[in-house]
Amino acid sequence: MSSSILDGPGASYRAQRGPVLRARTWRAEGLLRMFENVLEVGENPDELIVYASLGKAARTWDEAHTIAATLLSLSEDQTLVLASGAAVGVLETGASAPLVLSAVNNTVGRWASPQRFYERAAAGQTMWGGLTAGAWQYIGRQGVLQGTYELFGTIARRSFDATAGREADALAGRWVLTSGMGGMGSSQPISAAMIGLSSLTVEVDPAKAARLADTGALDLVTTEIEEALEALSRARQERTVVAIGLIANAADVYPALAARGMGPDIVTDQTAAHDARYGYVPSGYSLTQWRSAQAEDPERLERDARASIAAQVTAMLTFAERGSVVFENGNNLRVQALEHLGEEAAADVNRIPGFMEAYLRPLFARGIGPFRWVCLSGSDADQRVLDDLAISLFGQRRPEVARWIELARTQIPAQGLPARSCWLGHGERSAFAVAANDLVADGTLEAPVLFSRDHLDSASMTHPRIGTEGMRDGSDGVTDFPLLDAMALAATGADLVAIHSGGGGYAGWMQSAGVTIVADGRPETAVRLRRSLDADTGLGVLRHAKRRLRRGCCQRRLRRGDRGGAAHLAPCQPSGGAPLTCAAGASRHRPASSLTTTLPERSPLNPSTPQPRSTP
Ligand code: NAD
């Protein structure tokens, strides 16, 4: 048996489906199918590029062939070791050790610059793993879609007085201005529509807009700003939801709208602005000129890109002054703008909050984050069974999970192997995975299921302008937790453990850990599933507990009682899972059996606490 990767570049890159094994175990087969899948759904598979401008699945095609061939022959007591997307060798480890250990572009601080990365990448010495690209965990735009949906929902509740579950009522007639329809950015109009928000998404590459329109996610694609604004205005009057793609440069459109005195309800951006050379097209450049300049005059291109980003950010600040809710959506937009504007602009620019600090951290504090499962069978029937399982396990205690699954199964266009991203927390993920393992064992599912998550999760990411911006203990740039997380995942028997550092424009900015584990139906797998998934989320809960507590969280929790005591204790109150011991408190306790959604009455993490407006 072969793999489409062994036929690349130029192959069809379809991931294997069905119940037949090519590798020696389902653990290895699952990892190989995900390697194939990230190319199937990736942006430019002939160059092994999966998403986020430069995020790659393997360093070179030769290395990709070696890795695929090794996965086909790997036995269960062996571990394939990868360094920056290249195979190092196979170690004899043991049946419960990871099958793949991968480290990507981890570089000492003084050498972690974009310039040095570009040079080494051009010489074939490294690659950027783009988080889920090099760890073969990318599932297409759905991977980020629920995160964007959650943050639009939080904005609706916090800024537009929506009640939970009825966000669409408060968002009727409102719209978001954003940009970028790439691998991740293309999720934006879909998640906006799912929550009941109209969108105007600016994209400079017509092919990207056409590709998204083909999925049915855009109601109108136009090159005319007037036509876009008329459609928005109609939707506002009729209180309907419309998704518009505008083919133009964001650096032109945002200032033009600001000059007209407009103020969209919500403003953000998801171009690959983090990479000034390969991720953001400057104003005045055609796509052909942009691609030529990457090789011919990269320094000038970077300067021009940063000047354009600064113009876009300046317009965003104007929108904010007019009352728009403005935030950065995880792409270092503010950092790039400041490179052009100079540090004297920092006070202004940094009034735009990052989405994690402003909206999503309360979920991370409870270990709730972007968990995902993939049906290795490729079967939609398996997908339906697992969707139903999530609803039956969590629907009562957390109705938002059931709501999400119902929306996702009807509104997210399929990409690659059937997959579901679902924000579950500590104890929930392992309970779900073990139940799915039983369904593999009893033959309800056609083939094993694979579990993973985004690298941007509770314990697994450090990026001081994304995942860990504004940590109260000052640990914004400290990478201990992603490294501890990877060690814990290897110790508990995950199938793939990856440690990634930033590349390209993210060089020097991030450290993350990734995990994949296959539910193949065996009883011993259930043990590894529970241990690994609980270790991952448990560490995240403890990370946030540690940074929030000054003293004795466990005792304080016991004093206040389980539910009302959420004040400083939400992190210690997950829904089952392995017992957690807080270093801040001496006692070891079992987490409560039900997950409260209560947050402290007056806490910066509570959406209902009066906040400084999220607009600058
Ligand atoms: P991508 O490279 O696949 O797509 C970027 C898109 O932006 C392309 O379609 C490109 O044509 C378009 N673009 C570039 N310059 C433009 C301009 N001036 N005007 C309009 N459009 C322009 O990248 P991606 O995978 O979509 O990721 C986008 C960004 O999101 C990256 O910085 C990535 O790191 C970040 N990201 C954020 C999260 C999150 O959780 N918020 C998750 C993953 C990725």
So, for the chain, what is the accessible surface per residue at a probe of 1.4 Å, expressed in square angstrom? 35 Å²
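Eigenvalues of the Cα gyration tensor times 5, then square-rooted: what semi-axes does that give for the stretch 353-428, in whole angstrom, largest first?
24, 15, 11
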Using alpha carbon centroids, what distance separates the stretch 518-540 and the stretch 331-345, in Å? 42 Å
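Decide, for the stretch 378-520, between rounded, prolate and oblate: order the square roots of the alpha carbon gyration tensor eigenvalues as a ≥ b ≥ c, take rounded if a/c falls under 1.5, and otherwise choose prolate if a/b is larger than b/c, else oblate. Each step should come with its number before you reach the end.
Details: a/c = 2.02, a/b = 1.74, b/c = 1.16.
Note, shape of the stretch 378-520 comes out prolate.
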Distance between the stretch 51-77 and the stretch 185-229 - C-alpha centres, whole angstrom: 34 Å
If amide H atoms are modeled at 1.01 Å from N in the peptide plane, then the residues at a separation of 5 or more from LEU74, or on another chain, having amide H under 5 Å from its own are ARG24
Under the Karplus relation with 6.51, -1.76 and 1.60 and θ = phi - 60°, whole-Hz ³J(HN,Hα) for the stretch 180-189, x at Gly and Pro, equal x, 10, x, x, 9, x, 5, 6, 4, x
Cα centroid of the stretch 124-141 to Cα centroid of the stretch 1-39, whole Å: 16 Å
In the stretch 112-269, what is the volume of the convex hull around the alpha carbon atoms, normalised per residue and reported in Å³? 150 Å³
If you bin the C-alpha pair distances of the chain every 10 Å from 0, what whole percents do you get? 3, 17, 29, 28, 17, 5, 0
For the chain, which whole-number percentage of the solvent-accessible area (1.4 Å probe, protein heavy atoms only) is attributable to carbon and sulfur atoms? 50 percent
Per-residue ellipticity at 222 nm for the chain, helices alone: DSSP H runs ≥ 4 residues times -39500 (n - 2.57), over residue total, nearest 500 deg cm²/dmol? -12000 deg cm²/dmol
P(r) of the stretch 247-297 in 10 Å steps, Cα pairs, percent per bin? 21, 47, 24, 7, 0
With a/c under 1.5 counting as rounded, go ahead and sort the stretch 248-385 into rounded, prolate or oblate using the C-alpha gyration tensor (a ≥ b ≥ c being the square roots of the eigenvalues; past the cut-off, prolate if a/b is larger than b/c, else oblate). oblate
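The values are calculated or read from the model by the stated rules, or taken from the named source; none is laboratory data. Note that the coordinates shown come from a computational prediction; the quantities given were computed from them, not determined experimentally. Remember, those area values only see protein heavy atoms, side chains included, never the ligands or the DNA or RNA. Shrake-Rupley method; radii C 1.70, N 1.55, O 1.52, S 1.80 Å.
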